């Protein structure tokens, strides 16, 4: 599926495989949902090559890896979080 037109160069099509569909979507419906999600990435005003949740998951994993690397260098004592910061969401 190629959900976008390139700004410069060649478009980067994506190939998807459904491993298990627990929702029972028809193939056309699943394609429409995937195509629509390619238009919802907040950092770009045009469509992107892969669905926005994939980009956001990549950003969240990159942020988490920074925290994991930081805690690997410290001893094994638990990290105390200030009360105001506890249970807050991170914005990517």
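What to note about this one:
- Condition met for residue 88 (modelled with pLDDT under 85 and part of a loop (DSSP other than H, G, I, E, B)): yes
- Residue match in segment 17-31 (condition: loosely packed, with under 10 Cβ neighbours inside 10 Å and within 14 Å of the chain's Cα centre (by Cα)): no
- Residue within segment 48-61 that is surrounded by fewer than 11 Cβ atoms within 10 Å (Cβ to Cβ), modelled with pLDDT of 85 or more and assigned to a loop (DSSP other than H, G, I, E, B) present: no
The values are calculated or read from the model by the stated rules, or taken from the named source; none is laboratory data. Please read all numbers here as calculations on a predicted model, not as lab measurements. Because the Cβ atoms are built from the backbone with ideal geometry, glycine has one as well, and the counts that use them run over all protein chains shown.
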